[in-house]
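Worksheet: one structure, shown below.
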């Protein structure tokens, strides 16, 4: 499993400020810890598959700053092909998810698959982790892994969008994802104990950071275990490195991991 997390997502997504940045942070932090295992569960687990998934969902979610379409949904009112047969269904079953789910019928179908009452409570589809699962279910249903394996952006975009809207935007995110994945591969280190892991630094977050924090706590450092490599975690890392004769750079690499796990 390639260890993609919130740090990886933010390396691909555009940078925002103000309310847009807050919205993006809320979504990314919510899915960071489950991002890699969720993708792996849907076999979105190779460089090409992850890169193409990122290229598409980054565009579809407006840079991971929304899990719900900006329009009201009134355009879907009366769409019997979507199962919208009752008054108000258009707005009630508007697009939600990192790849948007629309219409009563689709909410009912996907809700059964992921075990959530989306037809009765459609707002659940906008919850970040659920929105990720919805995107993965769509990816699986449309067999987009096949297009990704061929590195076929045109085909992947057509399967997601039904056309080629936003193609250049998706191309930019695809390339950024490939670059970010190459960097992850470049910093993976092999330890004699503990298998493969990744180098962590200020700004990283996810399961690997949580493991780091748990190890630091067992070594006597008083920090929160929240999966976020912030200033407190960096200071603890530096102190640990100093106390164990390591280079005090605040970066957790091969030697730091080995000492922490000793």
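So the values come out like this:
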quantity: Any chance residue 28 is within 20 Å of residue 124 (Cβ to Cβ), part of a helix (DSSP H, G or I) and modelled with pLDDT under 95; calculated: no
quantity: Search result, residues across the stretch 213-231 that are surrounded by 16 or more Cβ atoms within 10 Å (Cβ to Cβ) and either out of contact with any helix residue (DSSP H, G or I) (no Cβ under 7 Å at 6 or more places or on another chain) or not in a helix (DSSP H, G or I) (or both); calculated: 221, 223, 227, 228, 229
quantity: Residue within the stretch 98-116 that is more than 20 Å from residue 142 (Cα to Cα), buried (at least 21 other Cβ atoms within 10 Å of the Cβ) and in contact with a helix residue (DSSP H, G or I) (Cβ under 8 Å, 6 or more places away or on another chain) present; calculated: no
quantity: The stretch 164-197, subset at pLDDT 95 or above and not in a helix (DSSP H, G or I), residue nearest to residue 5 (Cα to Cα); calculated: 166
quantity: Among residues of the stretch 101-137, those that are closer than 18 Å to residue 156 by Cα and over 15 Å from the mean Cα position of the chain (by Cα), counted; calculated: 1
quantity: Test for residue 85: is it assigned to a helix (DSSP H, G or I), farther than 30 Å from residue 182 by Cβ and touching a residue at least 12 places away in the same chain (Cβ under 8 Å); calculated: no
quantity: Candidates 9, 44, 2 - the one that is in contact with a helix residue (DSSP H, G or I) (Cβ under 8 Å, 6 or more places away or on another chain), part of a loop (DSSP other than H, G, I, E, B), buried (at least 21 other Cβ atoms within 10 Å of the Cβ) and in contact (Cβ under 8 Å) with a residue 40 or more places away in the chain; calculated: 44
quantity: Candidates 9, 2 - the one that is over 9 Å from the mean Cα position of the chain (by Cα) and closer than 17 Å to residue 136 by Cα; calculated: 2
quantity: Those residues of the stretch 78-97 which are surrounded by fewer than 17 Cβ atoms within 10 Å (Cβ to Cβ) and at negative phi, in sequence order; calculated: 80, 81, 85, 86, 87, 91
quantity: First in the stretch 140-159 and within 18 Å of residue 110 (Cβ to Cβ), second anywhere and part of a loop (DSSP other than H, G, I, E, B) and at pLDDT 95 or above, Cβ under 6 Å, 6 or more apart; calculated: 140/42; 159/142
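The values are calculated or read from the model by the stated rules, or taken from the named source; none is laboratory data. Here the structure is a predicted model, which is why all the values come from computation and not from measurement. Neighbour counts run over all protein chains shown; Cβ positions are idealised from the backbone, glycine included.
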